[in-house]
Each structure stands twice: as structure tokens, then as C-alpha cells.
Amino acid sequence: MRGNAVALLTLCACLSSLAPGQSADPGRFVSLSAGMGISAYSATATGDYISAVLQLPESERIGEFTSAIEFFATPEVQLSEDWSLALEYSYLVKSYRLSSSAGPGTSEFSTSIHMPTLLLHYLIPGEGYWLKLGGGAGYYVSSFSQMLFGSGQTQEFQASAPGLKFEAVGNTMFDDSFYGYIGLDARWGFDQAYSGSDGTSPSYQQTAPSLGFFSLGLKLGVTVLF
């Protein structure tokens, strides 16, 4: 909790220092934000599965947190002086390319997650910026693929489950309709095992990959007002 509070205070300070001497538009806005970011991504079940399949030694096992890339686009409409509603589409990608003594060649693993999320924001306007605090829920659809030991044969599996997100977003004004975007977020994807089109699931020594994850992300982009 203390770390989250420090991050939020830091974001507010950055917005205050970056804001040009203009006032945010007091009228109700319709906007579109887009950009990309990097997330500290924790998918423990998937990491344990990869480490087990490749029989990685303890010192080389997949850590609890790794980095993942995320792309997003978010249309948003202001509902009242204090509130706005946004529908975010975000796409997270994480891949591994590893070798091990368990078999010849290189093994490749990839997780991709489509994350549509309905978000409600509390609006705090300032001199040249908007600060938005809020969160919401969505339904996530994920794919997991693996190509083991240089075989050239890729197996595909799918899973879907609800997800939650909380975030702090700052929009810094460049002109009346064009803003910079910086966001900090925390996201959870609920646990759901992957399965193939034939009903089979990847597993090894009582470990199996799953959609379940937690992430902390930093997002950068732009926001256009209409």
C-alpha cells in the first residue's frame, strides 16, 4: 500500500511540474487514448510449468516477475463534472526462448492476452492536466503456445476468465485537443487452465500453465479530444 501511495504522489508531482500554463477544457470531453507500455508480469503457474518442462536448475528457473509488453487503445466519454466512462482494449504479449539440458534445440513459449475492460474514472482537473483515478472489470481471452526442443511443431492452447484493473492516469495538455498520456496500473487476471481445441491441456509433473496473473504497468501514449 505504501508503494502504491508513493507512486501516485510521484505521478501527481510529475503532472504538476510538466503542466503548461493552460487550463483543462471545462466542457465535457470525448477522447481517444492510445499507446504502449511495459509491465512487471507475474504468472506463477506458467513460469513453474516452463521451468519444469525444461528441467531448469533452481538458479535459472523463471522468476516470479518478468517483463511484458502491452499495447492499448481507450475511447472515453465524460459523464459529469467528476466522472468519465472508458472502454479500454489492451493487448499483452510475453514470450520466452530458452535452451536446456532436458532436450536438444531451443524451446519457445508465448502468452498473449486480449483484455477489454470497462473503466470508471474519477476526474481531477488542474492547470493544464487531468488526473484520473479509477478501475473496472473485463473478460480476458488468452492464447498460450509452445514449441519444445526445436521440434518445429507448435501447440496452441486457449483460456478465458474475468479480470480487474485499477489505475491512475494523467493527461498533460499540449494544446486544446491534444494531450500526453502517462498511466500507472495494477491488473489481475483470474485463474483458468489452458486447453486445446481437442480438449487436451499442457501439463508436466503436476504443473500446468494458466491465464491467472498479476501485473504492475507503466503506460505512455497520447490522448486526442473530439
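Table for the structure above
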item: Test: residue in region 146-157 that is modelled with pLDDT of 95 or more and within 20 Å of Leu218 (Cα to Cα); result: no
item: Residue count, region 142-156 (criterion: more than 20 Å from Gly199 (Cβ to Cβ) and either basic (Lys, Arg) or in a strand (DSSP E or B) (or both)); result: 1
item: Those residues of region 196-216 which are in contact with a strand residue (DSSP E or B) (Cβ under 6 Å, 6 or more places away or on another chain) and outside any loop (DSSP other than H, G, I, E, B), in sequence order; result: Ser210, Phe213, Phe214, Ser215, Leu216
item: Test for Ala24: is it in contact with a Gly (Cβ under 9 Å, 6 or more places away or on another chain), at pLDDT 95 or above and hydrophobic (A, V, I, L, M, F, W, C); result: no
item: Thr66 being touching a Pro at 6+ places or on another chain (Cβ under 8 Å) and within 29 Å of Ala208 (Cβ to Cβ); result: no
item: Identity of the residue in region 195-211, among the hydroxyl-bearing types (Ser, Thr, Tyr) and more than 14 Å from Ser110 (Cα to Cα), that ends up nearest to the chain's Cα centre (by Cα); result: Ser195
item: Among (1) surrounded by fewer than 16 Cβ atoms within 10 Å (Cβ to Cβ); (2) in contact with a Pro (Cβ under 6 Å, 6 or more places away or on another chain); (3) closer than 21 Å to Pro162 by Cβ; (4) not charged (D, E, K, R) - the single one Leu32 does not satisfy; result: (3)
item: Scope region 108-136; condition modelled with pLDDT under 95 and acidic (Asp, Glu); matching residues; result: Glu127
item: Matching residues in region 134-157 - criterion: being of a type outside the set (A, V, I, L, M, F, W, C) and more than 21 Å from Phe72 (Cα to Cα); result: Ser145, Gln146, Gly150, Ser151, Gly152, Gln153, Thr154, Gln155, Glu156
item: Test: residue in region 38-46 that is under 19 Å from Ser99 (Cα atoms), of a type in the set (Val, Ile, Thr) and at pLDDT 95 or above; result: yes
item: Residue match in region 157-167 (condition: under 19 Å from Leu225 (Cβ atoms), assigned to a strand (DSSP E or B) and touching a Leu at 6+ places or on another chain (Cβ under 8 Å)); result: no
item: Qualifying residue in region 161-181 (condition: surrounded by 19 or more Cβ atoms within 10 Å (Cβ to Cβ) and closer than 20 Å to Ser51 by Cα); result: no
item: Tyr181 being touching a helix residue (DSSP H, G or I) at 6+ places or on another chain (Cβ under 6 Å), over 20 Å from Ala137 (Cα atoms) and not polar (S, T, N, Q); result: no
item: Boolean, Asp191 is within 21 Å of Ser143 (Cα to Cα) and among the charged types (D, E, K, R); result: yes
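The values are calculated or read from the model by the stated rules, or taken from the named source; none is laboratory data. This is a predicted model, so every value here is computed, not measured. Methodologically, a virtual Cβ is constructed for each residue, glycine included, from the backbone with ideal geometry; neighbour enumeration extends over all protein chains shown.
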